[in-house]
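Notes to accompany the following structure.
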Amino acid sequence: MPMTADDHADVEVLFSPVRLGALELRNRLVMAPLTRNRALPGNYGQRASAGLIIAEATQVSAQAVGYPNTPGLHTPEQAAAWRLVTDAVHARGGLIVVQLWHVGRVSHPSMQPDGALPVAPSALAPEGAADTYTGPQPFVTPRALERDELPGLVADFAHAASLSRDAGFDGVEIHGANGYLLDQFLRDGSNRRTDEYGGSQANRARLLLEVTRATLDVLGPGRVGVRLSPLSRFNGMRDSDPLGLTAVVAAELDRLPLAYLHVIDRLDARSPGARADAVARRTFRGPLILNSGYGRESAAQALSAGRGEAVAFGEAFLANPDLVERYRAGRELNVPDEATYYGGDARGYTDYPFLDGRLVPAEVGVSD
Ligand code: PHB
């Protein structure tokens, strides 16, 4: 679509402040959580001009891991290491929450404590291969969690939320998306349980809601967000009624004092959107973060149309530490380099240039 003068006027909405629960964002451009398989404070410090940074998916326990070199938040040492990251962001006036996850069946015994089987709502393996320290290995059939293990999982999320405060985060995002444990409970392709955590849509939402309430109890109102991706097929996910499920989950979340609901409309930006966010908006009245495939003009249009309160950008923030400035000035973007997305060193992590050619702001360290 050709750009008009009106489109230009509209982009101002991106740079207006917005309140998401207890979080006062100075603009509506949110950095989406991005698995990078290496954690250094410089990456986030460089991107502190975002309205909000959602730090990458972070394990709530030793069992929660599913990928090499992803960060955790279940020990005091990890909280202390994260403090370097949150300090770097806060020193530059930014806000940062951490995404908390348990990968469930998207793991492999080689990464689990004592070589145990990964856990899941039901003993159903996803298609595909786990990303292990020795390369891809076929997914194994997970062990179905016992009913009496579930309170421990809720407690793990609450513990990580408590450590998130020690680490200096402004809040947490509960990862209920993309085929990881809480999403495995939500969708009937992966949840065949016959107890009160399976069957009806309300039952399948029970664990997500318990986790969300427990973290809210720790952090207080307005400091917990939830991410959902009801339409994503990533990690072998499917559901017989994804939009019905979305409406039910959103209605339940509406009863809680969330910071926001963050809805991925689709994981593959090239596929047409089916508007799961619009379904969520009908029953969830709190702040909504839109996600997937947005650019400067389309984000501004979505916000102007009242479809959400903020928009999350993944690859655009990955490759443009000063995305906010670039969008404000209507300048071109750096192109992301897929070869350096996962793992490795500073290349593709902290070396994307700012508009003025700077590589790293002088006051932010990147070494540890
Ligand atoms: C990934 O590492 O590929 C990944 C992690 C978390 C997500 C999606 C993808 O939510």
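Considering region 119-142, the residues that are within 16 Å of the ligand (Cβ to nearest atom) and farther than 12 Å from Asn235 by Cβ include one that is surrounded by the fewest Cβ atoms within 10 Å (Cβ to Cβ), namely Gly135. Of the residues that make up region 191-211, is at least one in a loop (DSSP other than H, G, I, E, B), under 29 Å from Gly93 (Cβ atoms) and either among the basic types (Lys, Arg) or within 16 Å of the ligand (Cβ to nearest atom) (or both)? No, because not a single residue in region 191-211 is in a loop (DSSP other than H, G, I, E, B), under 29 Å from Gly93 (Cβ atoms) and either among the basic types (Lys, Arg) or within 16 Å of the ligand (Cβ to nearest atom) (or both). On the given criteria, is Pro126 free of Cβ contacts under 8 Å to residues at least 24 places away in the same chain and not small (Gly, Ala, Ser)? For Pro126, the condition - free of Cβ contacts under 8 Å to residues at least 24 places away in the same chain and not small (Gly, Ala, Ser) - is not met. Residue check: is Leu253 closer than 21 Å to Ala57 by Cβ, touching a residue at least 12 places away in the same chain (Cβ under 8 Å) and touching a Phe, Trp or Tyr at 6+ places or on another chain (Cβ under 6 Å)? So Leu253 fits the description; yes.
Of the residues making up region 331-349, those that are open to solvent by less than 50 Å² (accessible area, probe 1.4 Å) and either assigned to a helix (DSSP H, G or I) or more than 16 Å from the ligand (Cβ to nearest atom) (or both) number 3. Hey, any hits in region 111-126 for a residue that's within 19 Å of the chain's Cα centre (by Cα), at pLDDT 95 or above and under 18 Å from Pro142 (Cβ atoms)? No: region 111-126 contains no residue that is within 19 Å of the chain's Cα centre (by Cα), at pLDDT 95 or above and under 18 Å from Pro142 (Cβ atoms).
Being closer than 30 Å to Arg19 by Cα, surrounded by fewer than 23 Cβ atoms within 10 Å (Cβ to Cβ) and among the hydrophobic types (A, V, I, L, M, F, W, C) holds for only one residue in Val279, Val211, Val226, and it is Val279.
Which of (1) within 16 Å of the chain's Cα centre (by Cα); (2) part of a loop (DSSP other than H, G, I, E, B) does Val140 not meet, given it meets every other one? So Val140 meets the others, but not (1). When Ala278, Ala269 are checked against the criterion of being at pLDDT below 95 and away from the ligand (no atom under 16 Å from the Cβ), a single residue qualifies: Ala278. Taking region 20-66 only, how many residues are assigned to a strand (DSSP E or B), open to solvent by less than 30 Å² (accessible area, probe 1.4 Å) and within 22 Å of Ala300 (Cβ to Cβ)? Number of matching residues: 9. The number of residues in region 67-80 that are away from the ligand (no atom under 16 Å from the Cβ) and crowded, with 18+ Cβ neighbours inside 10 Å comes to 3. Scan region 176-199 and give yes if some residue there is open to solvent by 40 Å² or more (accessible area, probe 1.4 Å), at pLDDT 95 or above, aliphatic (A, V, I, L, M) and touching a helix residue (DSSP H, G or I) at 6+ places or on another chain (Cβ under 9 Å), otherwise no. No.
The values are calculated or read from the model by the stated rules, or taken from the named source; none is laboratory data. This structure is a prediction, so every number in the text was calculated from the model and none was measured. Methodologically, a virtual Cβ is constructed for each residue, glycine included, from the backbone with ideal geometry; neighbour enumeration extends over all protein chains shown. The accessibility values were calculated without ligands, DNA or RNA, using every heavy atom of the protein model including side chains. Shrake-Rupley method; radii C 1.70, N 1.55, O 1.52, S 1.80 Å.
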